[in-house]
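A.B. asks: Just passing along the structure, written as structure tokens.
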Amino acid sequence: SIVAGGFVGTETVTATGSAVALTSANVGTYTTSVNYTLADGSNGGLMGNYSLAASTGVQAIVTPKGLTITGVVASNRDYDGTTIAGLTTGALDGVIPADTMVVLTQGTGAFTIKDVGTGITVTASGFALTGTGSGNYTLTAQPSGLTANITQKAVTITGVTTSNRVYDGTTVAVLTTGTLQGVISSETAVISLTQGMGVFADKNVGTNKAVTISGFALGGTGISNYSLTQPTVANVNITARALTITANNQTIAHPGSLAVAPSLGTTA
């Protein structure tokens, strides 16, 4: 602001200043001069009766323009044992259209926890400005208000088979031991697998009989971060059980009497 002095009596005039163009549009501190245009005052002061010299050595400071980042969204993902969060690419808001040499470097995101959950807070960091014109701008803040979900990691069971068997009056199908696939390598020591069981739809002899598997389960620390699918096996057969026949010894009457035929019995 300026305060003019030297008026006659109570006369005053108004002054409008205009600075000489700076030597650069970029951020920095510059020295310039200000020229003034006078106008009549409201109390009888006439601009023609006065003159006002230009101000020289005026310091002008150009500060960086604040920019914001828009369009950043945190992505849902399956559990992977880390807090890494994927972020969509951000865009700069506020760049002067003529400044084409200002580029946003993509940052990274981190969940506040590594475990399965919904609406987990994601912290963004590392977004930065680059390019030859970046010195004229500053980021007002990193993206905020981000949340996303971590869902269970699906694990599978391999190596489970069953075999044809002979009829035994039950629906039990014997299974080989399964092996877990898909557990995060750093957690294999703390995740265990409980063996399940196989059941035929009925106990009777038949071919190409389906086996239903159930009961495989996860145990150990952190199992809530995983989902388990029961394995499947190929159809197998229940074959007929072989029977044997044995003769029970009988006493034969004296020749001349009626012979007694031996009775037969069966055994399984």
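The values are calculated or read from the model by the stated rules, or taken from the named source; none is laboratory data. None of the values given here were measured: they were computed from a predicted structure. Every residue, glycine among them, receives a Cβ derived from its backbone with ideal geometry; neighbour counts consider all protein chains shown. These area figures cover heavy atoms from the full protein model, side chains too; ligands, DNA and RNA do not enter into them. Shrake-Rupley method; radii C 1.70, N 1.55, O 1.52, S 1.80 Å.
A.B. asks: Tell me, which residue of segment 107-117 that is of a type in the set (Gly, Ala, Ser), assigned to a strand (DSSP E or B) and closer than 26 Å to Asp93 by Cβ is least open to solvent (accessible area, probe 1.4 Å)?
C.D. replies: Going through segment 107-117, the residues of a type in the set (Gly, Ala, Ser) turn out to be 107, 109-110, 117.
Still in the running and assigned to a strand (DSSP E or B): 109-110, 117.
Among the residues that remain, those that are also closer than 26 Å to Asp93 by Cβ are: 109-110.
On the way: Gly109: 10, Ala110: 38 Å².
My answer is Gly109.
A.B. asks: More than 30 Å from Phe200 (Cβ to Cβ) and open to solvent by less than 50 Å² (accessible area, probe 1.4 Å), is that true of Ile120?
C.D. replies: Answer is yes for this residue.
A.B. asks: Can you find a residue in segment 89-106 that is open to solvent by less than 70 Å² (accessible area, probe 1.4 Å) and closer than 18 Å to Thr147 by Cβ?
C.D. replies: Looking for residues that are open to solvent by less than 70 Å² (accessible area, probe 1.4 Å) and closer than 18 Å to Thr147 by Cβ, one finds at least one in segment 89-106, hence yes.
A.B. asks: Among the residues of segment 108-144, count how many are among the small types (Gly, Ala, Ser) and farther than 30 Å from Ser224 by Cβ.
C.D. replies: The number of residues fulfilling the criteria is 7.
A.B. asks: Here is a further query. Picking from Val27, Val34, which residue would you name as being in contact (Cβ under 8 Å) with a residue 60 or more places away in the chain, more than 34 Å from the chain's Cα centre (by Cα) and over 30 Å from Ser186 (Cα atoms)? If you could, list the steps in order and put the result at the bottom.
C.D. replies: Values: Val34 fails: in contact (Cβ under 8 Å) with a residue 60 or more places away in the chain.
Exactly one of Val27, Val34 is in contact (Cβ under 8 Å) with a residue 60 or more places away in the chain, more than 34 Å from the chain's Cα centre (by Cα) and over 30 Å from Ser186 (Cα atoms), namely Val27.
So that you can scan it fast, the table gives a plain yes or no per residue for (1) within 24 Å of Val174 (Cβ to Cβ); (2) at pLDDT 80 or above; (3) open to solvent by 80 Å² or more (accessible area, probe 1.4 Å):
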residue	(1), (2), (3)
Thr207	yes, yes, yes
Ser214	yes, yes, no
Asn235	yes, yes, no
Ser257	no, no, no
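A.B. asks: Let me ask another. Pairs please, first residue from segment 120-141 and over 16 Å from Ala110 (Cα atoms) and aromatic (Phe, Trp, Tyr), second anywhere and outside any loop (DSSP other than H, G, I, E, B) and open to solvent by 30 Å² or more (accessible area, probe 1.4 Å), Cβ atoms under 7 Å, 6+ apart in sequence or on different chains.
C.D. replies: The qualifying pairs are Tyr137/Lys65; Tyr137/Leu129.
A.B. asks: Identify, please: which residue in segment 23-42 is surrounded by 14 or more Cβ atoms within 10 Å (Cβ to Cβ) and hydrophobic (A, V, I, L, M, F, W, C) and is, among those, nearest to Pro64 (Cα to Cα)?
C.D. replies: For segment 23-42, the residue satisfying everything is Val27.
A.B. asks: Also: Out of all the residues in segment 193-205, which are part of a loop (DSSP other than H, G, I, E, B) and either under 27 Å from Thr118 (Cα atoms) or open to solvent by 40 Å² or more (accessible area, probe 1.4 Å) (or both)? It would help to see each step written out before you state the result.
C.D. replies: Kept after step one, since they are part of a loop (DSSP other than H, G, I, E, B), are these residues of segment 193-205: 195-196, 201-205.
If the condition is that a residue be part of a loop (DSSP other than H, G, I, E, B) and either under 27 Å from Thr118 (Cα atoms) or open to solvent by 40 Å² or more (accessible area, probe 1.4 Å) (or both), then Gln195, Ala201, Asp202, Lys203, Asn204, Val205 are the ones that fit.
A.B. asks: Could you list, in sequence order, all residues of segment 40-83 that are hydrophobic (A, V, I, L, M, F, W, C) and at pLDDT below 95? Give the derivation first.
C.D. replies: Here is the first cut: in segment 40-83, the ones hydrophobic (A, V, I, L, M, F, W, C) are 46-47, 52-54, 58, 60-62, 67, 69, 72-74.
Hits for segment 40-83 are Leu46, Met47, Leu52, Ala53, Ala54, Val58, Ala60, Ile61, Val62.
A.B. asks: Still on this structure: Do we find a residue being open to solvent by 50 Å² or more (accessible area, probe 1.4 Å), under 30 Å from Pro143 (Cα atoms) and under 41 Å from the mean Cα position of the chain (by Cα) anywhere in segment 54-62?
C.D. replies: No, every residue in segment 54-62 fails to be open to solvent by 50 Å² or more (accessible area, probe 1.4 Å), under 30 Å from Pro143 (Cα atoms) and under 41 Å from the mean Cα position of the chain (by Cα).
A.B. asks: Something else: For Val155, indicate whether it is farther than 30 Å from Thr123 by Cβ, modelled with pLDDT of 95 or more and not charged (D, E, K, R). Even if it seems obvious, please write down each step before you answer.
C.D. replies: Numbers: farther than 30 Å from Thr123 by Cβ: no; modelled with pLDDT of 95 or more: yes; not charged (D, E, K, R): yes.
Criteria not met by Val155.
A.B. asks: Can you tell me which residue in segment 79-101 is farthest from Ser185 (Cα to Cα), limited to those that are part of a strand (DSSP E or B) and small (Gly, Ala, Ser)?
C.D. replies: Checking each candidate, the answer is Ala91.
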